[in-house]
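Below is one structure, written out as structure tokens; comments come after it.
Rule-based calculations on the coordinates, nothing more; no lab input. Every value quoted in this text rests on a predicted model; they were computed, and no experiment measured them. Every residue, glycine as well, gets a Cβ built from its backbone with ideal geometry; the counts of neighbours run over all protein chains shown.
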Amino acid sequence: MTANTILFEEIDMSTITVEQLKHLSFAEKLQLVEDLWDSIAEEAARPPTEAQRRVLDERLEEHRRNPETGEAWEIVKARLERQLSDGKQNHV
């Protein structure tokens with residue numbers, strides 16, 4: 001442990017800075033990433049909220065009324081990949 005190393009247990013995660021994160025040990029950084037990934041996975045597994053469900057239902061209904069206005073996933077994916085490879089971050 002170096003003089004700049006911060007003990008993971010001593011950090012107030014609600015106010016931590018990126019600079020402080022840089023001083024964590026490798027094991028502490030790895031644990032933090034694992035904890036974050038677990039949190040993301042839990043959040044992604046939750047069912048949509050009622051508001052999200054309404055938006056999804058509205059979009060599905062719009063698609064059913066006008067299926068020709070949509071684009072195939074392959075086209076959208078190719079456009080996104082092209083934009084990312086060009087360094088652009090335009091909204092779709």
³J(HN,Hα) computed for each position of the range 61-69 - Karplus, 6.51 cos²θ - 1.76 cosθ + 1.60, integer Hz, glycine/proline x: 4, 4, 5, 5, 6, 9, x, 6, 7
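When you count, for each residue, the other Cβ atoms within 10 Å and take the mean per peptide, how do 65-71, 55-61 rank with the highest first?
Values: 65-71: 8.6, 55-61: 10.4.
Descending packing order for the listed peptides: 55-61, 65-71.
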